[in-house]
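Read the structure below first, then the notes.
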Amino acid sequence: MRRFLDRLYYASGALAAVCLAAICVLMLAQALGREAGILIRGADDVTAWLTAASAFLAVGHTFRHGELVRVGLWLDMMGTRMRWYAELFALGITSCFALYMMWAVTRFVYDSFVFKEVAQGLIQLPIWIPQLSFVAGMLIFLIAVLDELVAVLRKQKPAYQVAEEERRAAGDFSETV
């Protein structure tokens, strides 16, 4: 199971990176096309969809690797037992929030599907198709948070704490700047 989850987080991060690369390629194509008198229709729509996809698909991967903003200074000042309670509290609240977001996002996309909403830009596409990246990203984030909650309940260090300690041991203090 651990191997599957790690691959899921990695794949979502890689897919987010592919979306960013596609945005870059599309924007460069637009700029070069403008110089050559070629118009790329719908590029703005696709760029917007890719931007949303890259943001939400990256959340689970980012969370697991300790790159989201946290109050690490407070946690570092706590004793072991108090830190464990604080981690449980924070992960519990975050789990509730992520579960609610998952429900709300799924309902939002389902409503778009039921009402047959179509994108308002040049590309007439059912809007639920690009919105699925929002659902996928929130699902992966929810899984990541629950994964960390289970690890903390088992008295293991959360992956984001391990990643942060590895960065500090390697002499990388860039997140503190």
Worksheet item: What does the charge dipole of the stretch 94-177 about its Cα centre add up to, to the nearest 20 debye, if the Cβ of each Lys and Arg holds +1 and the Cβ of each Asp and Glu holds -1?
Response: 240
Item to complete: Answer with one residue from MET78, LEU26, SER54: the one whose Cα lies farthest towards the positive end of the charge dipole of the chain, charges on Cβ with Lys, Arg +1 and Asp, Glu -1.
Response: MET78
Worksheet entry | In the stretch 84-117, chymotrypsin sites (Phe, Trp or Tyr not before Pro) in a DSSP loop with at most 10 other beta-carbon atoms within 10 Å | PHE115
Fill in: Neighbour-limited loop hits for trypsin sites (Lys or Arg not before Pro), the stretch 8-107 (at most 10 other Cβ within 10 Å; DSSP other than H, G, I, E, B)
ARG41
Practice prompt. Treat every Asp and Glu Cβ in the chain as -1 and every Lys and Arg Cβ as +1, leave all other atoms uncharged, and give the resulting dipole magnitude about the Cα centre to the nearest 20 debye.
Written response: 500
Worksheet item: What does the highest-first list of 154-162, 126-134 look like by mean Cβ count within 10 Å?
Response: 126-134, 154-162
Worksheet item: If you take the Cα atoms of the stretch 19-157, find Rg, then find the Kirkwood Rh from the mean of 1/r over all pairs, what is Rg/Rh?
Response: 1.13
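The numbers here are math on the coordinates, done by the rules we state, and not lab data. It should be emphasised that the depicted structure is a prediction, and the values quoted were computed from it without experimental measurement. All Cβ positions, glycine included, derive from the backbone under ideal geometry; neighbour counts span all protein chains shown.
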